[in-house]
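Read through the structure below, which is laid out as structure tokens, and then see the notes.
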Amino acid sequence: MNNEYQNNDILKSVLESAPFIQQLIPLDCMIGISDTKKFLKVIYGKKINMGINLVGMDVPAQDSIFIAMKTGKPVEMIVPEEAFGFRFKSTAVPIVDKSGNIVGGMGIGFLAENSEKLIDMAHVLVSSTQQSSTVIEELANSASDLAAHQVSLQTLAKQIAEQIENTGKILGFITDIANTSRILGLNASIEAARAGEAGKGFTVVAKEIRKMSDNSVSGVKEIEKILKNIQSVIEQIGEKVNETVDIGQQQAASTEEMSSTMQELVSIATELNNAAGKVIG
């Protein structure tokens, strides 16, 4: 082998590793390698194929490899469809030996349609994750509000139960008054009977006092019955409220976690979108 590049270890290594590099890349691509003047190796992809053998041909001045060797820097460019029948992105870098001399160049080309599809998918992913994140964030806020309302409802239920208990104390006080009134009415009847004819008017008053006392006791019992029923219902409501408070707090925690996860997905999707943009330029 008398080729010039055989005496350059760096260039030789690149030529030997090119087929493996192409296999490692998950997208359909082509690889071109040159010395400072001519193409030394061109590996086409399945679809990205110029249909001509470039090996031994001079590297055109407008080629990305030529520009990379001339500038000594990586080059990215879009090759229009008019040039070879398909649009592709070409990325090239200069090949430098141990002494810092440019001894050649290497370029990789990707079909633009693959990159554009990737960008479209990334855009859709970003849009979908952002929408989902917004919905979940709103759901998290609603769940937090619901949990707060449920806690307020729980507090109100306790306050109602306390008020009913206080009402029971008042009814007990009224019952005591009614019982005392009944005793007073009974004593008044006894005294009226002793007074004979002179106590007839007082007898009517005594009967009314006893009647009022009996009605008060009867009314208190009815109220107590109603309050006990209300208290029973309030207790049941309190139990259900306690259950819903626990569920609401769990939902709030879960939706907050989901919201955080969606934010991470949005960030990942955005990074993917940016990476896809870099692929196509």
### Task
Treating cross-link reach as a plain straight distance, find the lysines whose alpha-carbon is under 26 Å from the alpha-carbon of residue 207, omitting any fewer than eight places away in the same chain.
221
### Query
Which value, in Å to one decimal place, does the Kirkwood hydrodynamic radius take for the range 60-105 when every pair of different Cα atoms is included?
11.1 Å
#### Entry: Amide H contacts of residue 95 (H built 1.01 Å from N, under 5 Å, at least 5 apart or other chain)
103, 104, 105, 106
### Query
When each pair of different Cα atoms in the range 4-114 is counted once in the 1/r mean, what is the Kirkwood radius in angstroms, to one decimal?
14.0 Å
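The numbers here are math on the coordinates, done by the rules we state, and not lab data. Keep in mind it's a predicted model, so treat the numbers as computed, not measured.
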